[in-house]
Amino acid sequence: MALKTETMVLNMGPQHPSTHGVLRLELDIEGELILGVKPHIGYLHRCFEKHAEAMTYPQVIPYTDRLDYLAAMGNNFGYVTTVEKLLGIQIPERVEYIRVIMAELQRIASHLVAIATNGADIGALTPFLYLFRDREYILSLFEMTCGARMLYNYMWIGGLSHDIHPDFVRKTKEFIIHFRPTIVELNNLLTFNKIFIERTANIGILPVDTAINFGASGPVLRGSGLPFDVRKEDPYSIYNRFDFEIPTGKGLVGTVGDCWDRYYVRVLEMEQSLRIIEQAIDKIPEGDVHSAIPKRIKPPKGTVYSRVENPRGELGYFIISDGNLNPFRVKVRAPSFVNLELMGELCKGHLVADVIAILGSLDIVLGEIDR
Amino acid sequence: MKNPEEIFELLKTEFADVILGIDKETPTEPIIAVDPTQISKVGLFLRDNVALKFDSLMVLSGVDDANGTKVKDEDGTDMISGGTLSVYYHLHSTNLKHKITLKVSTPRENPQVESVYNVWRTSDWHEREAYDMFGIIFLNHPDLRRILMPYDWEAGYPLRKDYKNPEFYKGMKVPY
Amino acid sequence: MYQFLYDLIGNEILAGLLVAVVPLTIILVFALFGIWLERKVSAHMQDRLGPMRTGWHGWLQTVADLMKMLQKEDIIATDADKTLYNIAPVLVFTGSFAAYAVIPFSSKLLGSEVEIGLFYVLAISSLVVAGILMAGWSANNKYSLLGAMRAAAQIISYEIPTALIVLSMVMLTGTLSLDKISQMQTSSFWNWNIFGGAIFGLSKFLLIPFMIVGALIIFTSTLAEVNRVPFDIPEAESELVAGYFTEYCGMKWGMFMLAEYGNMFAVSAIIAILFFGGYQSPIGYLGNSIGAQWLVPFEQGFWFIAKGLTLVFVQMWLRWTLPRLRVDQLMTVCWKYLIPFAFINLIIIGIISLI
């Protein structure tokens, strides 16, 4: 006589220590085995796109900070380059160099958070504190420049809000010297730790074709082996002047495209960002960061879509202008919004504990998913 | 690597009356207009054709064109009647490195667009968001429900230009 | 110890009461100290300071937390099974506290002199499983249930390697009494069991590698018994919020915590007795050399607590360094690695002891 069995529906979130924000995951489980995952979002929806239609172009910039609050410089960068494309203005060289340095510093800071929380979810609680200690250096560099540690409103259309502090170059060089040994320590403590590898290798394997079809980008796509980086595909700002590599997942300790590969791509990208900063920090030309900022920003009628490489993936802004002071439509293509769709695909056949590992490796921020 | 005019010619020879034209004047990118109920076939062709290989849908955005006539509602606010809602598709090829923008427009009163869920899975949540924010129904989408607003939001589609906030939602006062 | 106190006081009932109360105070004081130690150890490992304001370097922090916990409102979920919900913390605490009855802190401080001390310890610490299952089920919460199921599977599986290593030590020493095992490892650290025990000849040197392997196996499996990282899946903070004690608040949660720290010290004590000489000093007794015989039990107590605390420190060190294992990996480690090695260890020790 067969027993009547039912699958259990377990609800993770909206309040949960490791869903990286207010995300609700509805798990359909049988014992410990996952049969299906359905993400529910919308808990952090703050109507960014509707607000953007009511404000002028420069007034939208602080709102873009709050989309992906862990990589605010990147959001600013994306919006500002999109509007500048529509306006068709030329930016001073000094502004370009400083923007690149700030974006790369922000990439390191954001990857530190991603790696630290990934480790903390798996149970390694100490690297979390070591990496946040190093992030404090970067945040104090930002604070020295524009007065804010997390949400900057720094990049303006046509320039920057403040020029860099006289001590900035020296302190950044000190940071670079200090940070390289930290990556070595991180590799010894976490990356090649046998238990960490057991928890993340061969989990959540993402084949390259599925990744492209689902629209994945950033470390998620590069972890599956495709060397696709917007900074090299569609070079924006002055990235084509710098020499850096694109790390991809090679399946060093498992299969290509598993959680460990995505994690290791982030570790390697921090090293590449240090290379870019080293190349740029000595070459900052003289100039005035406020000289090219237009008095009134009234772009001509038209549409533009432009994208930048945020730490989480490809951030795109689609702006339609109808010739007024306010944008007609601003649509944000958030990388985490697209990456989160992969949860349902990746979790099939794994255990409950793996859901956390997979979610940590996708590295989502609810601010930009819900906007 | 092809430029937008060549892609337009290729599409025109394949699908004669489905492709409605190309807009080359408005900055900053040329946009190809397509019939809304045939977009899935066009998408499949764009993805699988060897010379085009558009395997990545970068973004799918709904837009309220606000090109209808303004009428006054009972309580004196402006409503828009007539006109179109549009959906813009930005495609990109990881192999051949070219890009193209497509646009479909549907009437505001009964907006229906065919879904490209089976062509690019990226469109799954993007179409749900376009439905949630504009009310565009995507035919053949397996799970079309609201995504950012609460599942039982009755008061309309927020990103339309004539959207008004309701007074109460489940007993809570909405205006701030 | 009962005899010693009876001679001292002369009253049966009072002596009996003191015999029961002294281990209880030890476990409570140790829990207080242990929580503070954990917070300071973890803080210094993570490049920060930990509690600093309550008392000198924060040593009163646990007392402050205790006072706060006692004042908390006791919330019970409406659909929770009230009887089981209330009994579960008591059972878990009793299981870990009762083990202290047979642990000798020094040659004179021993709760109860039973001949089958080791067997009693293994049996009574299995009460904890029943308590955990009750806690997980009665809370009427899916997270608690998952945590309790995992905890039950883990604890029962890891009792087997523990029992196998204990069995090999019993075979070697020939007695189940913890007091006698400690007494056998007398006079210097070379006589400790991890270095082969107080025997002479070739077999002592042959035993050393297998003793070390045995100590490592029992350390790992007792780590799993007390649910510490890397085996803390039942209370995995980032997955199941708090596992089987999610729904407990206030003093009931305090009892679970007390039981956990008590358990930690109890298993460290047992490993210290079995392998590291129990309360024997490695370098001889000060009391003996200056002629004050009454000092010797106190020194023994000091050495015993020092050894126990060192092992507890190693447990805390591991907690803050390693990530945690997944449930099926945990089971693999136990059944595919620890148990075969423990069996082989047992057989080889048996063969060597015949030489």
Most fluctuating residue of C:Met264, C:Met171, C:Met134 in a GNM of chain C with Cα springs under 10 Å: which is it?
-> C:Met171
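Based on DSSP loop calls and a cut-off of at most 11 other Cβ atoms within 10 Å, the longest stretch of chain A free of exposed GluC sites (Glu not before Pro) is what?
It works out to A:7-285.
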Using the Cα gyration tensor of the range C:283-355, with a ≥ b ≥ c the square roots of its eigenvalues, what is the shape: rounded (a/c below 1.5), prolate (a/b larger than b/c) or oblate (neither)?
-> oblate
Label-point gap, in nm, between C:Ile87 and B:Asp152 - each point 7 angstrom along Cα→Cβ = 4.2 nm
With the Cα gyration tensor of the range C:1-144 giving a ≥ b ≥ c as the square roots of its eigenvalues, does the rule (a/c under 1.5 for rounded; else a/b larger than b/c for prolate; else oblate) give rounded, prolate or oblate?
-> oblate
Which value in deg cm²/dmol, rounded to the nearest 500, describes the helix-derived mean residue ellipticity at 222 nm for chain A, given -39,500 (n - 2.57) per DSSP H run of n ≥ 4 and division by the residue count?
-> -13500 deg cm²/dmol
Within the range B:125-154, the residues whose backbone N lies under 13 Å from a label point placed 7 Å from the Cα of A:Glu26 along the Cα-to-Cβ direction are B:143-147, B:151-152
So the angle from the long Cα axis of helix B:4-14 to the longest Cα principal axis of chain B, reported in degrees to the nearest 10, equals 80 degrees
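Which of the DSSP-defined H helices in chain A satisfy a minimum axial length of 18 Å, computed from C-alpha atoms, and a minimum mean Kyte-Doolittle hydropathy of -1.0?
Working: long enough: A:72-87 (23 Å, 0.29); A:93-122 (44 Å, 0.42); A:126-146 (31 Å, 0.31); A:168-186 (26 Å, 0.22); A:259-281 (33 Å, -0.13).
Helices meeting the span and hydropathy rule in chain A are A:72-87, A:93-122, A:126-146, A:168-186, A:259-281.
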Give me a single rounded figure for C:41-47: the average over its residues of other chain Cβ atoms within 10 Å of their Cβ.
-> 3
The range B:49-156: chymotrypsin sites (Phe, Trp or Tyr not before Pro) in DSSP coil with no more than 13 other Cβ atoms inside 10 Å = B:Tyr151
Any idea how many Lys pairs in the range B:45-176 come in under 21 angstrom at the alpha carbon, given 8 or more places apart or on separate chains?
-> 9
Rounded if a/c is under 1.5, else prolate if a/b beats b/c, else oblate: with a ≥ b ≥ c from the C-alpha gyration tensor eigenvalues square-rooted, which is the range C:229-355?
-> oblate
Just report the Cα centroid separation between the range A:179-237 and the range A:282-343, whole Å.
-> 26 Å
Per-residue mean of C-beta atoms belonging to partner chains within 10 Å, peptide A:213-220 | 4
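Residue by residue through A:50-60, how many Cβ atoms from other chains fall within 10 Å of the Cβ on average? Walk me through the numbers on the way to the answer.
Details: counts 5, 0, 0, 3, 0, 0, 0, 0, 0, 0, 0.
The shielding value for this peptide is 1.
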Once Rh is set to the Kirkwood radius over Cα pairs, what Stokes-Einstein translational diffusion coefficient, in µm²/s, holds for the range A:46-370 at a temperature of 4 °C and a viscosity of 1.567 mPa s?
-> 64 µm²/s
Calculate the dipole size of chain B relative to its Cα centre from +1 charges on Lys and Arg beta carbons and -1 charges on Asp and Glu beta carbons; express the result in debye to the nearest 20.
-> 400 debye
Looking only at C:Leu325, C:Leu274, C:Leu286, which one moves most when chain C is put into a Gaussian network model with springs between Cα atoms under 10 Å?
-> C:Leu286
Using the Kyte-Doolittle scale, find the helices of chain C whose mean hydropathy is at least 0.0 and whose Cα atoms extend 20 Å or more along the helix's long axis, counting only whole DSSP H runs.
-> C:12-45, C:82-97, C:142-173, C:202-225, C:251-275, C:296-319, C:339-353
Separation of the range C:289-326 and the range C:61-78 by C-alpha centroid, Å?
-> 30 Å
With runs of 4+ DSSP H residues as the only contributors, calculate the mean residue ellipticity of chain C at 222 nm using -39,500 (n - 2.57) per run, divided by the residue total and rounded to the nearest 500.
-> -21500 deg cm²/dmol
Which chymotrypsin sites (Phe, Trp or Tyr not before Pro) in the range C:72-120 pass both tests, a DSSP loop state and at most 14 other beta-carbon atoms within 10 Å?
-> none
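Throw me the Rg/Rh for the protein assembly as shown, computed over C-alpha atoms with Kirkwood Rh, two decimals.
So for the protein assembly as shown, dividing Rg by the Kirkwood Rh gives 1.06.
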Projected area averaged over all directions for the convex hull of the alpha carbon atoms of the range A:220-340, nm², comes out at 9.6 nm²
Note to self: C-alpha centroids of the range A:14-44 and the range B:43-114 sit apart, in Å, by 31 Å
Placing each pseudo-label 7 Å from Cα in the direction of the beta carbon, C:Tyr6 and A:Arg296 end up separated by a distance in nanometres of 10.4 nm
Eligible lysines near C:Lys72 by straight Cα distance, threshold 17 Å, same-chain separation 8 or greater = C:Lys252
Rg/Rh for chain C: what does it come to with C-alpha atoms and Rh from Kirkwood?
-> 0.98
Cleavage-rule hits, trypsin sites (Lys or Arg not before Pro), the range C:1-75, DSSP coil, Cβ neighbours within 10 Å at most 11 | C:Arg48, C:Arg53
Distance in nm between pseudo-label sites at C:Leu286 and A:Met150 (7 Å out along the Cβ direction from Cα) | 5.3 nm
Just name one of A:Leu221, A:Tyr97, B:Leu102: the one whose Cα is farthest towards the positive end of the charge dipole of the protein assembly as shown (beta-carbon charges, Lys/Arg +1, Asp/Glu -1).
-> A:Tyr97
Could you tell me the number of lysine pairs in the range A:217-363 with C-alpha atoms less than 23 Å from each other, where the two lysines are 8 or more residues apart or belong to different chains?
-> 5
When the Kirkwood hydrodynamic radius is evaluated over all pairs of different C-alpha atoms of the range A:302-347, what value in angstrom, to one decimal, is obtained?
-> 12.1 Å
Among C:Leu145, C:Leu60, C:Leu330, which one moves the most in a GNM of chain C with springs linking Cα atoms closer than 10 Å?
-> C:Leu60
Above 24 angstrom, tally the Cα pairs of chain B and express them as a % of all pairs, no decimals.
-> 42 percent
How big is the antiparallel share of DSSP beta bridges in the protein assembly as shown, given as a percent to the nearest 5?
-> 90 percent
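Every number in this text was worked out from the coordinates using simple rules, so none of it is lab data. None of the values given here were measured: they were computed from a predicted structure. Virtual Cβ from ideal backbone geometry, glycine too; neighbours counted across all protein chains shown.
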